1. How big is the range 317-452 by Rg and Dmax over its Cα atoms, in Å?
2. In debye, nearest 20: dipole of the chain around its Cα centre with unit charges on the Cβ of K, R (+) and D, E (-)?
3. Would you work out if the chain is rounded, prolate or oblate? Take a ≥ b ≥ c from the square roots of the eigenvalues of the alpha-carbon gyration tensor; rounded if a/c is under 1.5, else prolate when a/b is larger than b/c, oblate otherwise.
4. Could you tell me which residue out of I306, L257, G296 lies farthest along the dipole of the range 220-376 toward its positive end? Charges go on the beta carbon: Lys and Arg +1, Asp and Glu -1, centred on the Cα centre.
5. Within 11 Å, Cβ to Cβ, of E183, how many net charges do the neighbouring residues add up to if Lys/Arg are +1 and Asp/Glu are -1?
6. Between R340 and A52, how high is the FRET efficiency from 1/(1 + (r/R0)^6) when r is the Cβ-Cβ distance and R₀ = 41 Å? Nearest 0.05.
7. What is the dipole size for the range 327-398, taken about its Cα centre, with +1 at each Lys and Arg Cβ and -1 at each Asp and Glu Cβ, in debye to the nearest 20?
8. Residues of the range 229-256 with amide nitrogen under 11 Å from the 7 Å Cα-to-Cβ point of D282?
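Bear in mind that the values in this text are calculations on the coordinates, not laboratory data. Remember, it's a predicted structure, so these values are computed and weren't measured experimentally. Neighbour counts run over all protein chains shown; Cβ positions are idealised from the backbone, glycine included.
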Amino acid sequence: MATVATIRPPTIGDVLDLSLAEAGRKRVEWAERDMPVLRAIRERFAREKPLAGMRMSACLHITAETANLARTLRAGGADLLLCASNPLSTQDDVAATLVKDFGIPVFAIKGEDEDTYYRHIAAALRHRPNVTMDDGADLVSALIFIALDRLDDVHPEVREWAAGLSPAERQALVGDVVASMEETTTGVIRLRAMEKDGVLRLPVIAVNDAQTKHFFDNRYGTGQSTIDGIIRATDALLAGRQVVVCGYGWCGKGVALRARGMGAHVIVTEVDPIRALEAAMDGLQVKPIAEAAPLGDLFITVTGNIHVIRGEHFAAMKDGAMVCNSGHFNVELALDDLARMAKTCNEGVREFVDEYVLENGRRLYVLGEGRLINLAAAHGHPASVMDMSFAAQALATEWSIKNRDKLDNRVHDVPKEVDEFVASLKLQTMGISIDTLTEEQKNYLESWEMGT
Ligand SMILES: NC(=O)c1ccc[n+]([C@@H]2O[C@H](COP(=O)([O-])OP(=O)(O)OC[C@H]3O[C@@H](n4cnc5c(N)ncnc54)[C@H](O)[C@@H]3O)[C@@H](O)[C@H]2O)c1
């Protein structure tokens, strides 16, 4: 059987610059003011230590809000290590304060190349976690490939380390995981696909699917921060512009309705007839991407799907059109097509803006290299909304540890009582009270006898 000493990482992390810690600490404290639900959980965790004895690896966007989640998990007794879930989403000052002021190992540097990104994931695996937390399932998918002995399918940085483990150590890696939390829609989709293929070797809690997560974080959080990222990157005025939003799911609704609120004319593209109908009844234009392409001034993909905007669409766009993505992976825009079509690419005409000049002389602008624009060019979701997502993360972690013997290797929902607790506490912190059912109303809702 593997021993901890043989496979744990030797360092306390890999961050850009520890001298950024003070600025980072101020931002973490600023975010904390808007995270009262998580704060209350942290205070209880500090007393009760429900995560004591657990090694935890969390692969998340390293933001000020994530730092407050990390403090909560640490207060609960977890032996925690963090790595980035996206090469562009790390806030280097926050990474620095986590290491320097909070003593939490962090492996994340904004703008890290792919090799570094996966070397950091390898560090999270070497921590030999009992609990994992993912935003997009990159950590768990590496674990599963290793457990399946499919080392050719993992990045060379992970492969190099995993190849040095004995078969027993590789099995122990996944065998030691009690539960795995997943933060986002794309991650849940990947994990359900693993379950369907019969390769999911650990229990997963779909935190994204908690109502207090995706109703608010995906809609209001992504909605506001995506627009924020676009404005910070471009200083563009949205009023009067044609904005094309691809995907009218939870995130797409948030983005589209906020763009409309700022005076844009919004066109939605969809593949799901119900969501397309919803967009139409919300008063938005709905068109196929081929028809929207020549009309848009700004394109935003939020589908979780691949190659939603492709070469033929880029070719039809107006001079000066801007294109970006707020879905989890940078595959929604077929940027290879654009690179092939362009006679020149002027990188960094502004921070987070690359200019592609096509053969026909038109200039197209790609924001944030096609990665999540809200995290690449802005600071991600506001703390107030991450308060709920991360409260659900912390409580789901506690619940999964308590119920570890009952959890089989599939994707589980967050229990309804966790969702209701988070919502009730959030309402309380907002000074909002609601009605309770009377006995008569309870009986009425449970009976069938009374009609017209
Ligand atoms: N930027 C962020 O911070 C952030 C936050 C939360 C979620 N996400 C990510 O955003 C993506 C969307 O998440 P969601 O919760 O809105 O998912 P969702 O499933 O609710 O919505 C996705 C929508 O895209 C549509 N779609 C799929 N393929 C399409 C295509 N080719 N053209 C047009 N529409 C298409 C689907 O029909 C669906 O309605 C995911 O990748 C998710 O992980 C990002």
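1. 24.9, 73
2. 500
3. oblate
4. The one lying farthest along the dipole's positive direction is L257.
5. -4
6. 0.15
7. Here the range 327-398 has a charge dipole of around 260 debye.
8. Flagged as within label range: 245-256.
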